[in-house]
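Nothing in this text is a laboratory measurement; each read-out follows from the coordinates by a stated rule. Given the structure is predicted, the values throughout are model-derived calculations rather than measurements. In this analysis, Cβ positions are derived from the backbone assuming ideal geometry, glycine residues included, and neighbour counts consider all displayed protein chains.
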């Protein structure tokens, strides 16, 4: 996480993973989820917190999800079904079920197809937000497979040279297993920052950096600017401006829309109602391509080679995707998950309102 978004120790309270899981699961069950689905939804959010992806954990997303269950935007008892299927592919109608529940189930279908055919790919239409995309890609790691997850989000990103948002942040996540090394896990929006960093900046009272937002006419703002009210912000693609490669972020975001939304017949982001999403997951069975132990051993060598590269001046080490998240997980499992005091105050009130015992602190 960029340094200014990190919680200061004096502004945070460490809570145990076990207590956080119990509280969040109880909240999900209160809004109508069955025990198993509530546990799965909880695992998605708490895993993000453990990995230090605070933008996609309980701090930013839980209250939004509970509200959307309560107002009917998310279906707590969806009749999700497979619309179209082949030995290697499937398209799922999630019946407005939550992406944090339907998407890992879609990945399990992809894994089973990959087990039989080498590759499995599943698209999900009529969907809701899926939180941390890498969670769903990492489902494949449990089966020694490579996982991919993408999601087509509501438009908040202004294409290069455009005057209004037409693409979502449209993240791409990729997870590959290794042997002795932690897995390689890449997860990034195709915009400069994800939407939820606007939430965090407002909570922390910090400005957004130059090249993160566009003005009302679509021009990248190349100076620090206060975080606007959520929903009134315009993000720019990776690269910020054409001279720095924004056309690449723009193109990648469009690819995500094609694979998630056009391929599933969901309608691309600008066509769909505001709170709807479309998802794509894929699983690659390593053994369909090469010997699994050899692959994992070579992954170890690859990752170690990257990390042992001589550093540029001013830097003490070279990182690989997923390394900081793995290190953060070890710390937070031992020392607790830091939550901002505002989030703690919200939990206290929400637990009281829902008739749930508060036991985080």
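Semi-axes of the equivalent ellipsoid for the range 3-354, please: Cα gyration tensor eigenvalues, times 5, square-rooted, ordered largest first, whole Å. If you can, show how the numbers build up before the last one.
On the way: eigenvalues 150, 131, 118 Å².
That gives 27, 26, 24 Å for the three semi-axes.
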Efficiency of FRET between residue 354 and residue 39 - r from beta-carbon atoms, R0 22 angstrom, step 0.05: 0.80
Fewest-first ranking of 10, 287, 325, using other Cβ atoms within 10 Å as the exposure measure: 10, 287, 325
Percent of beta bridges antiparallel (DSSP, the chain, rounded to nearest 5): 85 percent
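So what is the relative contact order for the range 3-354, in percent, with contacts set as C-alpha pairs under 8 Å and at least six apart? Walk me through the intermediate numbers first.
Working: 760 pairs, mean separation 75.4, N = 352.
Over the range 3-354, the number comes to 21 percent.
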Least to most buried among 14, 203, 35 (fewest other Cβ within 10 Å first): 35, 14, 203
Spin-label proximity, residue 179 to the range 255-295 - amide N less than 11 Å from point 7 Å beyond Cα toward beta carbon: 292-295
Estimated [θ] at 222 nm from DSSP helical runs (n ≥ 4, -39500 (n - 2.57)) normalised by residues in the chain, nearest 500: -11500 deg cm²/dmol
Distance in nm between pseudo-label sites at residue 6 and residue 288 (7 Å out along the Cβ direction from Cα): 4.1 nm
The range 64-135 and the range 231-277: distance between their alpha carbon centers, rounded to Å: 20 Å
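Full extension from residue 217 to residue 298: what is 0.36 nm times the residue separation minus their Cα-Cα distance, to one decimal in nm?
Working: separation 81, 0.36 × 81 = 29.16 nm, distance 4.86 nm.
Result: 24.3 nm gained on full extension.
Grab the beta carbon distance between residue 202 and residue 311, set R0 = 35 Å, and tell me the FRET efficiency rounded to 0.05. Intermediate results must be reported in sequence, preceding the final value.
Details: r = 35 Å, r/R0 = 0.99.
Computed FRET efficiency for residue 202 and residue 311 comes out at 0.50.
Taking neighbour counts of Cβ atoms within 10 Å as a proxy for exposure, in what order, fewest first, do 31, 53, 281 appear?
Working: 31 16, 53 22, 281 33.
Ascending Cβ contact count within 10 Å gives the list 31, 53, 281.
Return the inverse of the average 1/r over all pairs of distinct C-alpha atoms in the range 246-345, which is the Kirkwood hydrodynamic radius, in Å to one decimal. Walk me through the numbers on the way to the answer.
Values: mean 1/r = 0.0538 Å⁻¹.
The Cα-based Kirkwood calculation yields 18.6 Å.
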